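Enquirer: Here it is, the structure, as structure tokens.
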Amino acid sequence: MDEWIMDDRVILKKNPAYNWGTELSENRGPAKIDKLVIREMKEEATVFMELTSGGVDIAEGVPAIFLEKIKEDKNIGVVEVPSARLYYLAMNTQKEPYTDIKVREAICLA
């Protein structure tokens, strides 16, 4: 690791002396790229702008609201993979309107 700035970026640089890897590794020598910059972007619009302007090469978890626009861009390839994420919505069933089972069922079906 060459640089780490919390909540901003991590910069990884190639170690030319690296020569280790398991027998399953395709590359047991130094990395094939010289430097990798991993940036944290909190604003969804920033991710979109950086990706479409060429400011970044890869973006993970691009918001769905930008997906169609990104798919229209011939310079960007989109790879969609299923997610194993679990989302949880807690409801206080002792307070209105959640005391009504029909309301809870409607939320589940939404």
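Here, each number is a calculation from the coordinates, and none is a lab measurement. Worth saying up front: this structure is predicted, and the values here are computed from it rather than measured. Every residue, glycine as well, gets a Cβ built from its backbone with ideal geometry; the counts of neighbours run over all protein chains shown.
Enquirer: Can you give the FRET efficiency to the nearest 0.05 for K32 and E68, using r as the Cβ-Cβ distance and R₀ = 30 Å? Mind showing how you got there, number by number?
Expert: Working: r = 33 Å, r/R0 = 1.11.
Taking R0 as 30 Å, the efficiency between K32 and E68 is 0.35.
Enquirer: Right, here's the next one. May I ask you to compute the full-extension gain from E3 to I76, defined as 0.36 nm times their residue separation minus their alpha-carbon distance, rounded to one decimal in nm? Present the calculation step by step, with values, prior to reporting the outcome.
Expert: On the way: separation 73, 0.36 × 73 = 26.28 nm, distance 2.81 nm.
Roughly 23.5 nm would be gained on extension.
Enquirer: I'd like the Karplus ³J(HN,Hα) series for segment 50-64: coefficients 6.51, -1.76, 1.60, θ = phi - 60°, whole numbers in Hz, and an x wherever there's a Gly or Pro.
Expert: Once θ is set to phi - 60°, the couplings for segment 50-64 become 5, 5, 6, 8, x, x, 9, 8, 9, 9, 9, x, 5, x, 4 Hz.
Enquirer: Which loop GluC sites (Glu not before Pro) in segment 38-110, with loop taken from DSSP, have no more than 15 other Cβ atoms within 10 angstrom of their Cβ?
Expert: Numbers: sites: E40, E43, E44, E50, E60, E68, E72, E80, E105; in loops: E40, E43, E60, E80.
Of the GluC sites (Glu not before Pro), the ones in loops of segment 38-110 whose Cβ has at most 15 other Cβ atoms within 10 Å are E40, E43, E60, E80.
Enquirer: To the nearest 0.05, what FRET efficiency results for Y18 and K42 with a Förster distance of 25 Å applied to their C-beta separation?
Expert: Details: r = 33 Å, r/R0 = 1.30.
E between Y18 and K42, to the nearest 0.05, is 0.15.
Enquirer: Measuring from centroid to centroid over Cα atoms, what is the spacing of segment 7-75 and segment 79-110 in Å?
Expert: Between the Cα centre of segment 7-75 and that of segment 79-110, the gap is 33 Å.
Enquirer: Let me ask you something else. Test of understanding: what is the full-extension gain from T93 to D57, defined as 0.36 nm times their sequence separation minus their Cα-Cα distance? It would help to have the intermediate numbers written out before the result.
Expert: Values: separation 36, 0.36 × 36 = 12.96 nm, distance 4.59 nm.
Difference between extended and current length: 8.4 nm.
Enquirer: Mind putting a number on the dipole of segment 35-77 about its Cα centre? Charges go on the C-beta only, +1 for Lys and Arg and -1 for Asp and Glu, and I need it in Debye to the nearest 20.
Expert: On the way: 6 positive and 9 negative charges, 25 e Å.
The calculated dipole for segment 35-77 is roughly 120 debye.
Enquirer: Given the rule -39500 (n - 2.57) for each run of at least 4 DSSP H residues, summed and divided by the residues of the chain, what is its mean residue ellipticity at 222 nm, to the nearest 500 deg cm²/dmol?
Expert: -7500 deg cm²/dmol
Enquirer: Mind checking segment 1-75 for trypsin sites (Lys or Arg not before Pro) that DSSP puts in a loop (not H, G, I, E or B) and that have at most 16 other Cβ atoms within 10 Å?
Expert: On the way: sites: R9, K13, K14, R28, K32, K35, R39, K42, K69, K71, K74; in loops: K14, R28, K32, K42, K74.
For trypsin sites (Lys or Arg not before Pro) across segment 1-75 that sit outside H, G, I, E and B with at most 16 neighbouring Cβ atoms in 10 Å, the list reads K14, R28, K32, K42, K74.
Enquirer: Which value, in debye to the nearest 20, gives the size of the charge dipole of the chain about its Cα centre, when Lys and Arg are +1 and Asp and Glu are -1 at the Cβ? Don't skip to the end; give the middle numbers.
Expert: Details: 15 positive and 20 negative charges, 38 e Å.
For this selection, approximately 180 debye.
Enquirer: Let me ask something additional. May I ask you to evaluate 6.51 cos²θ - 1.76 cosθ + 1.60, the Karplus curve with θ = phi - 60°, for each residue of segment 14-22 and list the ³J(HN,Hα) values in order in whole Hz, giving x for glycine and proline?
Expert: Values, residue by residue: 4, 9, x, 8, 5, 8, 10, x, 6 Hz.
Enquirer: Could you compute the net charge surrounding D8? Neighbours are other residues with a C-beta less than 15 Å from the C-beta of D8; K and R count +1, D and E count -1.
Expert: Numbers: positive: R9, R39, K42; negative: D2, E3, D7, E40, E43, E50.
Within the 15 Å Cβ shell, the charges total -3.
Enquirer: Could I ask something else about it? Dipole magnitude of segment 1-40 about its Cα centre, charges +1 at Lys/Arg Cβ and -1 at Asp/Glu Cβ only, in debye to the nearest 20?
Expert: Roughly 200 debye, rounded to the nearest 20.
Enquirer: Mean separation of Cα pairs under 8 Å and 6+ residues apart, divided by the residue count of the chain: what relative contact order is that in percent? Mind showing how you got there, number by number?
Expert: Numbers: 84 pairs, mean separation 14.9, N = 110.
Relative CO of the chain lands at 14 percent.
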